[in-house]
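Written below as structure tokens is the structure these notes are about.
The values are calculated or read from the model by the stated rules, or taken from the named source; none is laboratory data. Source: prediction; values computed, not measured. Note: ideal-geometry Cβ built from the backbone for every residue, glycine included; neighbour counts use all protein chains shown. Accessible surface areas use protein heavy atoms only, side chains included; no ligands, DNA or RNA. Shrake-Rupley method; radii C 1.70, N 1.55, O 1.52, S 1.80 Å.
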Amino acid sequence: MVDRSEAQTARAQNGLPPVPRHVAIIMDGNGRWAKARHLPRAAGHRKGVEAVREVVRVAGEIGVSYLTLFGFSSENWKRPETEVRDLMGLLRLYLRREARELHGQGVRLRVIGDRARLAADIREQLAEVEALTAANTALTLVIALSYGGRAEIVEAARRLAAEVRDGALAPEAIDEAAFSARLFAPDIPDPDLLIRTSGEQRISNFLLWQLAYTEFVFVETLWPDFDRAALLAALGEYGRRERRYGAITA
Ligand code: IPE
Ligand code: IPE
Ligand code: MG
């Protein structure tokens, strides 16, 4: 795993655009991938896990510091019980099989979302892998599970309200920084790039607060087909964007 600054210097020397520090991905299209092959949806999810493995490895190699993957939304609980069971089973398998590998690659795992809705054994597995990898510095992999952007914002508002009620915080002290500090992962910078696969062009309740100035890249590729080349192409597109943050640039 290369150091981010070394990787960036090497890219600049080769005339390549800078790599975004934080890439977020809405991994979509597993079901359609399976359907096109007359396979059960679970087969698409299984292939999707392979894409996760590759993207995590490549992101680390090219010097991305934070990678956030939308694994399961708060709305995905509405899916049929069998599909939820398949997805949770795959999550268990991924955590069991990949923990050592992630640790070996210097990946630090973090989870955002409503953990209370996850099964107790999954919560334990997540806590174990987070503890195992807590000191790693090569790449922070954030997995959004049972995650909803509105719920995250409401939760932050509730925390602020409780602090004000208890006299620990003055309403006037609530500013953007104070609000951000009550979100699920306040230490992680906002995404620079959001990629959504499968041709859908919507946020689906992902990182609503954090995406305020993120560049969006929508690709037709279905998530199970998303590989190194697809990631590099999205990064190339990001490199051609001009980020203005409301200001006027030359
Ligand atoms: C993404 O693929 C995986 C999850 C949302 C968990 P989908 O399961 O949404 O696949 P499509 O959108 O039906 O093709
Ligand atoms: C978003 O995909 C959630 C994840 C990728 C985990 P969905 O497939 O659930 O989103 P919609 O329903 O098409 O908006
Ligand atoms: Mg979908």
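Can you tell me how region 28-160 classifies by the Cα gyration tensor, rounded, prolate or oblate, using a/c under 1.5 as the rounded cut? It is oblate, given that a/c is not under 1.5 and a/b is not larger than b/c. Between R85 and A229, the simple label model (points 7 Å from Cα in the Cβ direction) yields a spacing of 3.9 nm. You can think of it this way: the chain between R202 and W77 has 43.1 nm of extra reach, that is 0.36 nm per residue less the Cα-Cα gap. Between the alpha-carbon centres of region 40-76 and region 204-239 there is a gap of 12 Å.
Residues of region 91-115 falling in the label zone of E124, defined by backbone nitrogen less than 15 Å from a point 7 Å along Cα to beta-carbon, are 92-93, 96. What the phi angles of region 57-73 give under the Karplus curve with 6.51, -1.76 and 1.60, with θ = phi - 60°, is a coupling list of 4, 5, 4, x, 4, 8, x, 5, 8, 9, 10, 10, 10, 7, x, 7, 8 Hz, glycine and proline written as x. Semi-axes of the equivalent ellipsoid for region 1-104, computed as √(5λ) from the eigenvalues of its C-alpha gyration tensor and ordered from largest down, come to 32, 15, 12 Å. Once Rh is set to the Kirkwood radius over Cα pairs, what Stokes-Einstein translational diffusion coefficient, in µm²/s, holds for region 116-250 at a temperature of 4 °C and a viscosity of 1.567 mPa s? It diffuses with D of about 72 µm²/s by this estimate. Packing around the peptides 117-124, 215-222, taken as the average count of other Cβ atoms within 10 Å per residue, puts them in this order, highest first: 215-222, 117-124.
Carbon-plus-sulfur accessible fraction, region 8-127 (probe radius 1.4 Å, protein heavy atoms only): 50%. A straight chain from Y245 to N14 at 0.36 nm per residue would run longer than the Cα-Cα distance by 80.4 nm. Pull out a ≥ b ≥ c, the square roots of the eigenvalues of the alpha-carbon gyration tensor of the chain, then state rounded if a/c is under 1.5, prolate if not and a/b is larger than b/c, and oblate in the remaining case. Cα axes put the chain in the rounded bin. Highest average first, the peptides 10-19, 95-104 ordered by how many other beta carbon atoms sit within 10 Å of their residues are 95-104, 10-19. The residues of the chain expose on average 51 square angstrom of accessible surface per residue, using a 1.4 Å probe on protein heavy atoms.
For region 1-150, averaging the sequence separation of C-alpha pairs within contact (under 8 Å, six or more residues apart) and dividing by the residue count gives a relative contact order of 29 percent.
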